[in-house]
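The values are calculated or read from the model by the stated rules, or taken from the named source; none is laboratory data. No experiment lies behind these values; they were computed from the predicted model shown. Using ideal geometry, Cβ is built from the backbone for each residue, glycine included, and neighbour counts are taken over all protein chains shown. Keep in mind that these areas ignore ligands, DNA and RNA; they rest on the heavy atoms of the full protein, side chains included. Shrake-Rupley method; radii C 1.70, N 1.55, O 1.52, S 1.80 Å.
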Amino acid sequence: MDDSRDLIKDEKYGGSVTREYEESIKSFAMTKPKELSYIASFLKQLRIMLVRNFTLLRKSYVSTFCQVVLGPVVFMLLLYGLQKALDAKVLRAIDHPGTYDLGPLDNCQGETRSSSCINMMYTPSNSDTDAIMQRFANKNMQRSGLNSDSSNAIRYEGAFDLGVQDSPKRKYGVVSVPDTQFVYDYVLYNPNTTAFAVSFEVNRNDNQFKYQLWYNTTVQRNGTSPYNTRVLGIMRGLDEAIIGYSGNKDANIDVTLKDWPKVPPKSSGDLIISSLGPMFFFSAQMVIFINVLMMIVGEKEKKLREAMQVVGLRSEVYWLSWYLAYAVLEFFCVLVTMGMSYALGFAAFTNSNLFAMFFTFYIFNLSCWC
């Protein structure tokens with residue numbers, strides 16, 4: 001016994017912690033493994049270690065309270081605050097939406113922003129349609145505030161120089177193609193590379209101009225309409241070009257748009273909780289795991305575990321005692337987490353079986369030690 005006590009004192013530990021480990025070592029020294037069966041000795045050592053572990057946790061009651069109660073409460077309140085901040089934005093009514101101008105046609109985009117693509121094809125190519133599309137391109141650059149030398153400008157380029165099965169190697173502006181069958185075949189062989197196409201029917205004798213606009217609804221659809229403002233911008237630009245070509249050279253159609261008043265939805269669907277909730281739930285539970293891990297590492301650095309093993313502590317008893325202490329802390333931590341989540345009205349808890357949720361959380365936390 002004197003040797004064991006000296007071993008602890010040589011490590012220069014102070015105060016009550018030294019006395020606790022002295023008492024643990026005395027208890028192990030008084031245990032006579034040779035006179036007891038393995039099970040009896042195992043249970044006796046386990047009882048001593050559990051008393052020691054819970055005594056340490058009880059004396060550090062502030063730290064234990066923060067891990068088991070305060071940590072989950074703070075994390076759930078943070079998650080609740082983020083959800084309410086989103087609700088304040090999503091669930092807000094807009095009685096008088098502002099107006100905005102209809103913009104020009106912006107540059108096309110392929111699979112990525114740098115991918116090659118074609119802004120617009122048109123057919124047929126003749127003196128009337130060529131002149132109309134040149135006006136369209138020039139007016140679009142003017143409305144965009146770009147000149148013909150800009151890399152983002154949509155320029156008139158004349159005849160298309162690729163075959164029906166050739167994918168584009170650069171970004172094309174406005175190009176002419178032989179007929180509508182070419183348009184159909186090209187977008188079939190090269191999907192998601194052509195933004196728009198136009199087919200004209202021009203009757204100069206009756207001064208009639210008809211056109212059909214081709215576009216990809218899966219790209220242009222905005223969720224509430226089969227086309228978005230880009231399609232409207234194309235139509236406005238074509239109408240300006242046709243009016244200008246037919247006689248009014250200064251044709252300018254200004255269009256402003258305004259949304260309907262927005263009626264907010266009844267709920268936001270707990271978007272923040274469903275996306276960020278797992279991270280917050282995980283963090284609330286991991287506070288205990290990290291703290292217990294630090295305590296075990298601290299004992300190893302101070303060679304306290306080796307000191308207890310010298311006087312007969314079994315290694316499996318040591319690890320099982322900490323595992324059981326951790327399991328008790330996590331049990332109450334999960335209860336606090338679920339109680340706060342239920343009280344704050346998280347749909348994942350109010351609409352689920354609480355026992356199943358508790359079982360899932362608790363088993364996950366216990367598995368962290370495996």
Original post:
With helices defined as uninterrupted DSSP H runs, which ones in the chain have an alpha carbon span along their own long axis of at least 20 Å and mean Kyte-Doolittle hydropathy of at least -1.0?
Top reply: 15-30, 38-59, 71-90, 229-246, 271-301, 315-343
Original post:
Taking amide hydrogens as modeled 1.01 Å from N in the peptide plane, which residues meet the under 5 Å criterion relative to Tyr211, leaving out close sequence neighbours?
Top reply: Glu201
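Would you mind checking the pairs Lys139/Lys258; Lys210/Lys262; Lys210/Lys249; Lys44/Lys302 and listing those with alpha carbons more than 26 angstrom apart?
On the way: Lys139/Lys258 24 Å; Lys210/Lys262 36 Å; Lys210/Lys249 19 Å; Lys44/Lys302 24 Å.
Pairs exceeding the cut-off: Lys210/Lys262.
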**OP:** Report, in deg cm²/dmol and to the nearest 500, the calculated mean residue ellipticity at 222 nm for the chain, where each DSSP H run with n ≥ 4 adds -39500 (n - 2.57) and the sum is divided by the residue count.
**Re:** -18500 deg cm²/dmol
Original post:
More than 32 Å apart: what percent of Cα pairs in the chain qualify?
Top reply: 61
Original post:
Under a GNM of the chain (C-alpha, springs under 10 Å), which listed residue has the highest mean-square fluctuation: Ser63, Ser167, Ser127?
Top reply: Ser127
**OP:** Could you tell me which of Leu57, Met76, Tyr172 has its Cα farthest along the dipole of the chain towards the positive end, charges placed at Cβ (Lys, Arg +1; Asp, Glu -1), taken about the Cα centre?
**Re:** Leu57
Original post:
Counting only the heavy atoms of the protein chains, how much of Leu344 is accessible to a 1.4 Å probe, in Å² to the nearest 10?
Top reply: 40
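Take the Cβ-Cβ distance between Leu354 and Thr112 as r, set R0 to 35 Å, and report the resulting FRET efficiency rounded to the nearest 0.05.
Numbers: r = 46 Å, r/R0 = 1.33.
After rounding, the FRET efficiency stands at 0.15.
With every protein chain kept in place and ligands, DNA and RNA left out, what is the accessible area per residue of the chain? Probe 1.4 Å, answer in Å². Kindly include the intermediate steps, with their values, before the conclusion.
Numbers: 21140 Å² over 370 residues.
That works out to 57 Å² for each residue.
If Ile253, Ile296 are ordered by their accessible area, calculated over protein heavy atoms with a 1.4 Å probe, which sequence runs from highest to lowest? Don't skip to the end; give the middle numbers.
On the way: Ile253 55, Ile296 15 Å².
Result, largest first: Ile253, Ile296.
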Original post:
Counting only protein chains, not ligands or nucleic acids, how are Trp319, Trp369 ordered by accessible area (probe 1.4 Å), most first?
Top reply: Trp319, Trp369
**OP:** Give the accessible area for Val328 in Å² (nearest 10); use a 1.4 Å probe, count only protein heavy atoms, and leave out ligands, DNA and RNA.
**Re:** 60
Subject >> Solvent-accessible ranking of Thr256, Thr218, largest area first, probe 1.4 Å >> reply: Thr218, Thr256
**OP:** Express the carbon and sulfur contribution to the solvent-accessible surface of the chain as a percent, rounded to the nearest whole number, probe 1.4 angstrom.
**Re:** 57
